Each structure stands twice: as C-alpha cells, then as structure tokens.
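Read-outs: derived from the displayed coordinates by stated rules, not from any lab. What you see is a predicted model, and the numbers here were worked out from it, not measured in a lab. Ideal geometry is used to build each Cβ from the backbone, glycine not excepted, and the neighbour counts take in all protein chains shown.
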Ligand code: THU
C-alpha cells in the first residue's frame, strides 16, 4: 500500500500555484489544461502551463515551460526545492525533472497527491556522465 503523502504548507501553496497556472494553458487542441509551479531553494517562484501548437508534436508541456522559464532566469540543477504539477508528468518531462535534480515532485494523481523524487519517477535514467 502507498504511504499517505505528507504535504507541508509550502507544498500546498505550490500546488495552489500550479492549479492557478493551469488556467493560463493554451490547449485549444486537447482542451487538457496543465499547470506547474516551481519553488527554488532561495524561495523564488515560477509558474508554467502547457502551450500547444497546430503542429501537434511541437506543443510544450507545463513542466518544460516552468523549467525553461526558471532556467532562463538562472536556475540550475540543484537549485530547485520542489515542483508541483496538476497531472502526472509524462516520460519526457520526467527526464527534464531529472536533469534539474528535482527531489520533490508533487503531482495530482488518482484523486490524491503523489510526492516523488525525479529519480524515483525515472529509474535507470539516461545520463551523459556514466
Ligand atoms: N501535458 C503536460 O503539460 N504535461 C504532462 O506531463 C502531460 C501532458 C499536456 C500536453 C498536451 O498539451 C496536453 O497535456 C494533452 O496531452
């Protein structure tokens, strides 16, 4: 049986930010709105949503949006305290979360909230330095 996830007040605040961010999704093709919120160890907050495209595979997931926004402002692997997402991250996004060594990934799943490290979400992952 899975342990009942223990969210902290900071987790709950980040999940609330992710839910608000989902309202900004540009998802005219799937109508599936996803929001993500990232908090750095220094306490900076970034949000993102999925952005779709008429050429479907070019769409960007909410997780990649938020990680790209944060990285563009100088956030680097190891700087991220937590990422909250309104959906279970897809395989590609798990690889992105792993790149940034996110140890606390919170996401809505099956009516509850899961808390996992990026490594747990992507075991035996591809890395360049092996
Ligand atoms: N999506 C995300 O934003 N994150 C995920 O991890 C799963 C899928 C988006 C992509 C697409 O815009 C929509 O959800 C439906 O797949």
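Quick notes
- Yes/no for residue 86 being touching a residue at least 60 places away in the same chain (Cβ under 8 Å) and at negative phi: yes
- Number of residues in the stretch 32-71 that are outside any loop (DSSP other than H, G, I, E, B), surrounded by fewer than 18 Cβ atoms within 10 Å (Cβ to Cβ) and near the ligand (Cβ under 8 Å from one of its atoms): the value is 2.
- Which listed residue, of 18, 71, 36, is within 21 Å of residue 98 (Cβ to Cβ) and touching a residue at least 60 places away in the same chain (Cβ under 8 Å): 18
- Residue count for the stretch 77-130, restricted to those that are assigned to a strand (DSSP E or B) and within 14 Å of the ligand (Cβ to nearest atom): 10
- Search result, residues across the stretch 76-99 that are crowded, with 21+ Cβ neighbours inside 10 Å, in contact with a strand residue (DSSP E or B) (Cβ under 7 Å, 6 or more places away or on another chain) and more than 18 Å from residue 20 (Cα to Cα): 80, 97
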